[in-house]
Structure formats: C-alpha cells, structure tokens
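The values are calculated or read from the model by the stated rules, or taken from the named source; none is laboratory data. The model shown is predicted, which means the values in this text are computed figures rather than measured ones. Heads up, the Cβs are rebuilt from the backbone with ideal geometry, glycines too, and the neighbour counts pull from every protein chain shown.
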Amino acid sequence: MADSTPLLSQPNSAESQSTTPPLEKHRPSLDSSIERCIGVFGWAQFFQTLLVSLAWLFDAQQTFISVFTDTYPTWHCTTWHCTTHQHGCNSASNICYLPKNSWAWDWPSYTLIISEWKLECSSSIITGLPASSFFMGCLVGGFVLATLADSSLGRKNMIFLSCLTMSLSSLLTVFSTNIWVYSALRLICGFSRATIGTSALVLTAELVGKRWRGQVGVMGFFCFTIGFLSLPAIAYLNRGSSWRSLYLWTSIPGILYSMLVHFFVRESPRWLFVRGRKEEAVATLKSIATPSHSSCLTWSFSEVSFQEERWNNGNVFLTIKMLVQKRWAFRRLLPVLVIGFGIGMVYYGMPLGLGNLSFNLYLSVTLNASSEIPSSLITMLLIGKLNRKFSVLTFTTLSGIFSIVCALKGEVWTRLRIVLESVSFFSCCTALSILFIFTIELFPTCVRNSATSLVRQAVVFGGVFGPMLVAEERRDGVSSYGVFGWVIGCCGLFAVFLPETRGRALCDTMDEEERKEKAICNGEGDLLA
C-alpha cells in the first residue's frame, strides 16, 4: 500500500510526531519499545498471525453448521393414495395435519435431525433447542472464560484449549442418539468456542507493529468468511448423507489445528510483560522480529517506563471489576455492549432465517458468506481513514434500513428479498468488524481481551434471539427481518456516546489510559496521540 501511515495509530499531524510526552523524554514506554522491535512486518510475524487467524475458520464452521443440520427438511405428497387425500395434501402447508401415508421426505430421513428423530410436529422450542443451546453455551462460556486470556492462561493457551475442546465436543456430536444429547453437546461446543475469536483477534494485534494491526485483524475476518463459505460446499458434497458427516468433516481438522497452535504459536509479548514474564517476552520478540530490528533487544527492557499492574491470579473476574469501577471504562463498555447486541441479532439471525426465503438454501448461504469478503476488504483498505464512530453508526443504520425493507410484503419485494438481505448482512458484517477494532483501541492491554470478550458476548446474546424469531416466522408469519432491522438501527445509535480512537496509540495499563483520558478532556489530546 502506498499509504505508510499506521492503520490503528495514525499521528494526527506532523507536529504531533515531533512532540514527545514529558515522560518519554526520559524513559521509553512499553509500546514504543516493542514497536522498535516488531514495527516492521516480517515473514515470522506473517506466519504467526496467519496461523492464529485460522482459528476463526473452525469457529465459523461450528457457529453456522446448524443452518444445514437443523433446518426443516423438504417433503412431497405421495402419489399412491386416493385422489381426495392427494388434493388435501397439495393444498396443505403443515404435514402434521395430514395422514402419515400421504407425504414423504424428499431425502432419506437420516439426512437431517428433524426427520431422523421425527421432530416434524414438535414445538419450535424443541426444534430450535440445539441452536439456542449453542448460543447459550457461548454466552455462559464468554462470562466464565472471558478474563482467563488476560489473567492466568494467556492468549495462546486460551486459543489452544478452546479450539481443542470445541472440536472434540463436535466430534462427539456424531454419536448423538436424540435431541437432548445433541443439544447438550452443542451447549458444550458453544461454551468452548466462546473466546476463540476474541483471543485470536487480540493476539494477532499484539504480535505486530501498530501500522499492521488493522490488516492482521481483518485477516481473521477473512478466515471466518472462508469457514462460513466452506459449509455450503461441504453440505452440498454430502447431500443425501447423514447430518453427522458434517460434524465429522469439521471436527477432525479442528483437532489437528489445535496441535499446530500448541507447538508453533508464540504468546503475546505485551501480555508476557504485563504478567512480569520479561524473559519470555524478550524471547518471543527475538523469534518474530526481523533481522534488521533484532538489535533493539540488546538493551534492557528494565528501562521501560511501564508500571506493571498485577492482580490476584485466583480472581479472574477482577479485570471485569476494573472495567466497571473505572467511570471512563464503564462509559465506553456500556455503549459497545449495546451496539454488539444489536449487531449480533442480525449477524446470527439472518443466516438461520435463510430457510424461510423462497430461494435455494445452498446458494443463499453462499451469497451471505460471500458478502463478508467485500466487507473485510473495505475494512482492510479503509480502516486507517475511517472514523470509528461514524462508520459504526452508518453501517448499522444501513443494515437496519435494508432489513426492514426486506420484510415488506408484495411480489416485487419478494423477488428482491435475497438481494436486500445480502446488502443488510454485508452492512452488518462491516459494522461488526469495525466494532471489534474500535473495542481494541478503546481499552488497554491489561483488560483488552476481557473487554473484547464481553463485546463478543453481547453479540452472541443478540444471536440467542435469532432462532426464536426465525421459528416464530415459520409458525405465525411474523417477519423476523423487520425485528432485526429495528433492533440493529436503534442499538447502533449508541456509537455517538463513544470517544473517537482513530489515530490514537494503544495503552497498556489502566493508569496510562486514564491519564490519556484526562489529558484529552483537558485539551491535551494532541500531546498523547
């Protein structure tokens, strides 16, 4: 790229580049010290960030696999019974009101869980239980595991353990004997994968210099898209086969990937420094720094102007307490949680509702997943130039408008629904990508993973309501897209309460961030940018 300015930390002006905070005139900060070592993006960093970002691929597969395994199977009327029943069968929309011998599934009963376990006449609560259990597991897992990546485990171990447990539970799903066992395993799978995306996003951002943080972050979004796109391909190749084959084809590669993470991924040097493990941090920097910048490791990091913040390793929720107790942190956390909830309802709900559209399921899922590619490209190319507040507000509004229009009745709107839905989903994906990057910039290193995890939990919490709305639309015809549009549009308005972070350097401690917040309020923002 011709533009040499950082993506997440661009100086506001030439004057700000030459102005040094009084503290840094005497002792360098941790951020500037690490920047000297890994500011240039090398092959070692590329390998590390790519390997970490692949976690998003397996995360996406487990998130959206229920679109194909839990969907309502298609059926047809049989031709060998009496004409009277044949006429009634053709005019019926609910097979529960028809004689059992008047209809049959289009595919063998073992292809989907509803037909295999004879759930066609069960309530929407039962048929939607596996998907809802998965999202409930994500919600609980996010709160239970949210701070482990910041406190005791670290980013790398969190990714390794989460991916391994998620893939193993997915493999065990193959042996489900009924809807209850299946839902319980989906609950465990959701619990395990709750922090994969946030840990991967934060780790990649902390393994590179500030110029490349936005690009490696979007690399994870690309991998998530690839995982989403792989599902219709795998499902199409296995059409007519048991739904269990989908879990088999997605779980085994996930287990193998977990082993690669354990042996080849390096821990975040920033997290290691915050935890007081300076020798390991220096070793990590040596392994990922380019040869031309390895000389920066010859001087001692003890000269760094960094006041280490320690907390009790036994109390993993202390970081959340820190976020709530600090007024400036809570004023940032609450709006991003509300925005995440609105985005999550659309992001997870729309793919689940594709089966309600009069369109080929494989093609519609492919179009949905493909819309994430231009979304990621736009985020990657323009993140350094986009104001975070305005971008989140704009894309959530666009997603809301197109989702509401998608709910309109009429022959013309019905034909355009898949196009309108794709545009709405594209806007939602772009808003989600920017929101995650926005969150990383809003909070310091010591609580960054926890804050990002909480935002992702808000996204998942919004997704919990998706299966309910989709099931309600199938039963009563209440448009889920109309609800999606109003929710994401209203929640996106909370972006106006957040401070703009474009061009600001990342902080590592709460005290450092608080000093910067006070300086900005006092009109000294240019000095600390």
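A residue that is on the phi > 0 side of the Ramachandran plot and surrounded by fewer than 24 Cβ atoms within 10 Å (Cβ to Cβ) cannot be found anywhere in region 368-389. Being surrounded by 14 or more Cβ atoms within 10 Å (Cβ to Cβ), of a type in the set (A, V, I, L, M) and either at pLDDT below 85 or in contact with an Asp or Glu (Cβ under 9 Å, 6 or more places away or on another chain) (or both) is a property that Ile114 has.
Set side by side, the residues Ser268, Ser245, Ser241 differ, and just one is within 29 Å of Thr63 (Cα to Cα), at pLDDT 80 or above, among the small types (Gly, Ala, Ser) and crowded, with 21+ Cβ neighbours inside 10 Å, which is Ser268.
Given the structure, is Thr366 more than 26 Å from Pro467 (Cα to Cα) and of a type in the set (Val, Ile, Thr)? For Thr366, the condition - more than 26 Å from Pro467 (Cα to Cα) and of a type in the set (Val, Ile, Thr) - is not met. Residues in region 370-391 that are modelled with pLDDT of 80 or more and either within 15 Å of Ser480 (Cβ to Cβ) or of a type in the set (A, V, I, L, M) (or both): Ile373, Leu377, Ile378, Leu386.
Residues are listed down the side, and each one gets a yes or a no for (1) modelled with pLDDT of 90 or more; (2) closer than 16 Å to Gly463 by Cβ:
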| position | (1), (2) |
| --- | --- |
| Leu337 | yes, yes |
| Phe341 | yes, yes |
| Asn360 | no, no |
| Thr394 | yes, no |
| Leu416 | no, no |
| Thr430 | yes, no |
| Ser433 | no, no |
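Here Gly349 fulfils each of the conditions (1) modelled with pLDDT under 75; (2) crowded, with 23+ Cβ neighbours inside 10 Å; (3) not aliphatic (A, V, I, L, M) apart from (1).
To keep it simple, each residue is scored yes or no on (1) crowded, with 21+ Cβ neighbours inside 10 Å; (2) of a type outside the set (A, V, I, L, M, F, W, C).
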| position | (1), (2) |
| --- | --- |
| Leu164 | no, no |
| Trp180 | no, no |
| Gly190 | yes, yes |
| Ile196 | yes, no |
| Arg213 | yes, yes |
| Phe224 | yes, no |
| Phe228 | yes, no |
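Here Ser424 meets the list (1) surrounded by fewer than 20 Cβ atoms within 10 Å (Cβ to Cβ); (2) touching a Cys at 6+ places or on another chain (Cβ under 7 Å); (3) of a type outside the set (Val, Ile, Thr) almost entirely, failing just condition (1). Within region 79-108, the set of residues being modelled with pLDDT under 80 and among the hydroxyl-bearing types (Ser, Thr, Tyr) comprises Thr79, Thr83, Thr84, Ser91, Ser93, Tyr97.
Evaluate the following for Ser53: is it modelled with pLDDT of 85 or more and within 30 Å of Gly217 (Cα to Cα)?
Numbers: modelled with pLDDT of 85 or more: yes; within 30 Å of Gly217 (Cα to Cα): yes.
Answer is yes for this residue.
Looking at Arg475, is it at pLDDT below 85, assigned by TED's automatic domain parsing to the domain that holds Val459 and part of a loop (DSSP other than H, G, I, E, B)? So that I can check it myself, show each step before the final result.
Details: at pLDDT below 85: yes; assigned by TED's automatic domain parsing to the domain that holds Val459: yes; part of a loop (DSSP other than H, G, I, E, B): no.
Judged against the criteria, Arg475 is not a match.
Looking at region 237-274, which of its residues are over 30 Å from Glu116 (Cβ atoms) and either touching a Phe, Trp or Tyr at 6+ places or on another chain (Cβ under 9 Å) or aromatic (Phe, Trp, Tyr) (or both)?
Those that are over 30 Å from Glu116 (Cβ atoms) and either touching a Phe, Trp or Tyr at 6+ places or on another chain (Cβ under 9 Å) or aromatic (Phe, Trp, Tyr) (or both): Met259, Val261, His262, Phe263, Phe264, Val265, Trp271, Phe273, Val274.
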